[in-house]
1. So how much accessible area does Ile231 have, in Å² to the nearest 10, using a 1.4 Å probe?
2. Just to be sure I understand the model, the point goes 7 Å from the Cα along the line to the Cβ. What's the resulting Gln336 to Ser359 distance in nm?
3. Any idea how far the Cα center of segment 233-259 sits from the one of segment 368-447, in Å?
4. Roughly what would the spin-label model give for Ala252 and Tyr392, points 7 Å off Cα along C-beta, in nm?
5. Determine the order of Met227, Met101, Met429 by accessible area, beginning with the largest, at a probe radius of 1.4 Å.
6. At 0.36 nm per residue, minus the direct Cα-Cα distance, what do Val110 and Ala472 gain on full extension? Give it in nm, one decimal, please.
7. How would Val450, Val404, Val181 line up by accessible area, probe 1.4 Å, largest first?
8. Distance from the Cα centre of segment 98-116 to that of segment 159-228, in angstrom?
Amino acid sequence: RVFMLKVRALASPVLALLRRLSPPPPPPPPPVQSTLWGRLAPALLAVLVCWLLPALLYVRFAREGTATSSTGAGSAARAGAGRHRGVLYGSLSSFLSVTAMAVMFPFMQVRRDALGCDALCQGGQTSLRSALTLVGAAVIGRASDRVGRVPMLWVGTAASLASIVISLCSDSLTGMWLAVVPAALLNQNFSVCKALFSDYIDEAGGTDADKAGAVGKLGMAVGFSFMVGPILASALISDYRRALLLSAAITAASSVFLLLLPTPSRLSRQQRGGGGGGSSSAGLTGFLSLPVLKLRGAQLLMLVRLKMALAFHMFAPVWQVSIRARFDFGPRDHAQFMGLVGLTYALSQGFIAKPLVRSFGDKVSRLLLLCILVLGGARPVALYTQSVGVVYACYVPMVIALGVMNTAITTAASRLAQKEQLGGFYGVMESVENVAGMVGPALGGLLARVDGFPATLAAVVCFYAAAFVLVALFFSTHVSGAAAAEAAAGAAAAGG
C-alpha cells in the first residue's frame, strides 16, 4: 500500500503535464436557429390534412353533380339522390363539430390530472356521460321527428358551445362535471343527421344504396375528424384554455353549414302539425310513443346492435392490457394504431359500404353475416398473435366490417320506420349502444379477472355467434321482407 502511494505521488506531475499538452475539447456546436419554415411546417401540415381533404371531396361532389346534368330526367334524379347538397353540408358540419371536440382530446387527461381527478372521478364522468346520452339520444331523436331535424342540430351545436363556456368560466372539478351535462344530453347531432340524410334521399327518390352512401359520407367525415382534431391541436396550441377557445371557434364555424341545410319538402302529417288538436296529455303520449318499436324487425335490429356493442365493449379493456403486455405499446404506438383505425373506418364508410350494399341488393343479410364472421373470427387471432404485423392485418378487415355493418343496419332501419318515427328510432338504437357502453367494459374486465383473457374472449365470440344466428334466421323475414311488403302496400295505396 505504501508502494502504491509513492507511485501515485511520482506519476501525478507527469499526468498533469500531459493534460496541459493535450488539445482542449472542441467547443459545443452552436444552437440551431429555428427557421420560419421550421416553425410553420407543423401548422401548415395540420391545415393541409384538416382542410385540403374536405375541399377535394367538395370539388369531387360538385363535378359529379355537373356531369350528371346532361342525363335523362329519371336517371338524373336517381344519380343525384346520393349527392344531395344537404348531405354535403351536413357532413361538413359534422366534420367541423367533431373536430372541435377532438381538438381537446390531447389536453383533457392532463387537465384532469392537474385538477386531481382520480380513477373514480374519471369513471364517474364516463358513467354520467353514458347515462345522459342514453336519455338524450331517444328524446332528441323523437323531438327531431316532431319539431324538425335542423332545429335539433342547432340545439346540439348550442349545447356544445354551452359546455365549452362552462369549462372556460369554471376551471375546476365542479366545472368539469357540469360541462359534461349539456353536450352529453342535448348534442345528438350524429343520429339526427342520419335521419335527415334519409329524408333527403327519400325526397330525391333514391335507393337503399344511396342511403348507405349518404350515411357513409357522414361516417367518413366523423372518422377523419377524429384523426385531424388531435393533429390540429398539437400543431397550433399548447394548453387547455387555448384548446377550448379553438374548439369554440370551430364549433361556431360548423353552424355556418347548418344555415345552408335545406329543409325536406315532403313533410308528414305530424310534422305539418296535422292530425287534430288533441290535449296536452295526448300530445305527450304521441311524443313518447314509437309504434315502430313494436315491429319484429325493429326489435331484431336493436337486439343485434346490442349484442354487437356488448362484444365490442367487453373486448376493449382486455385488448388494451394485452397489446401493452405483448408489444409494450407506448403513446406513439397507440397514436399510430388509432390513426390507422380511424382512417380505415372513414374509408370503409365513404367508399366501401355503398358499393357492397348495392352489390348484395336484397340479400343484405348475407353481407351482415359476412361482417359478423370477420369481426368474430379475427379477434382471437389479433388477441393471441405475437406479431404486430398480424395485428394490423387483422384489424383492417375488422374495422372495414364494422363500418359496413353499421351502415347496412342504419339503412335497414330507415326502411322499417316511417319518416315521422325515424329520428326516434335512431335515437333508441343509439341508447341501446350506450347501455352496452355502460355494462360491457365492466363485464369484460370482471371476466378477465375471474378467469383471464380466455373467459372474456369466449363471451365476446358467443355474442357474435348469437348475432350471427339472429341475422341468419330472422333478418330476411322480419326486416327485408317487412320493408318490401310495406313498400308494396304503399305503392298499391298510391295507385289506388
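1. Surface accessible to solvent at Ile231 totals approximately 70 Å².
2. Rounded to a tenth, the inter-label distance reads 3.1 nm.
3. Result: 30 Å between the Cα centres.
4. That separation, rounded to one decimal, is 4.1 nm.
5. On the way: Met227 50, Met101 85, Met429 10 Å².
These residues rank, largest area first, as Met101, Met227, Met429.
6. 125.6 nm is the gain from fully extending Val110 to Ala472.
7. Val450, Val181, Val404
8. Result: 18 Å between the Cα centres.
The values are calculated or read from the model by the stated rules, or taken from the named source; none is laboratory data. Predicted model, so just to flag it, every value in this text is computed and none were measured. Cβ coordinates were reconstructed from backbone atoms using ideal geometry, including for glycine residues, and neighbour counts include every protein chain displayed. Each accessible area value is taken on the protein alone, full model and side chains, heavy atoms only, with ligands, DNA and RNA left out. Shrake-Rupley method; radii C 1.70, N 1.55, O 1.52, S 1.80 Å.
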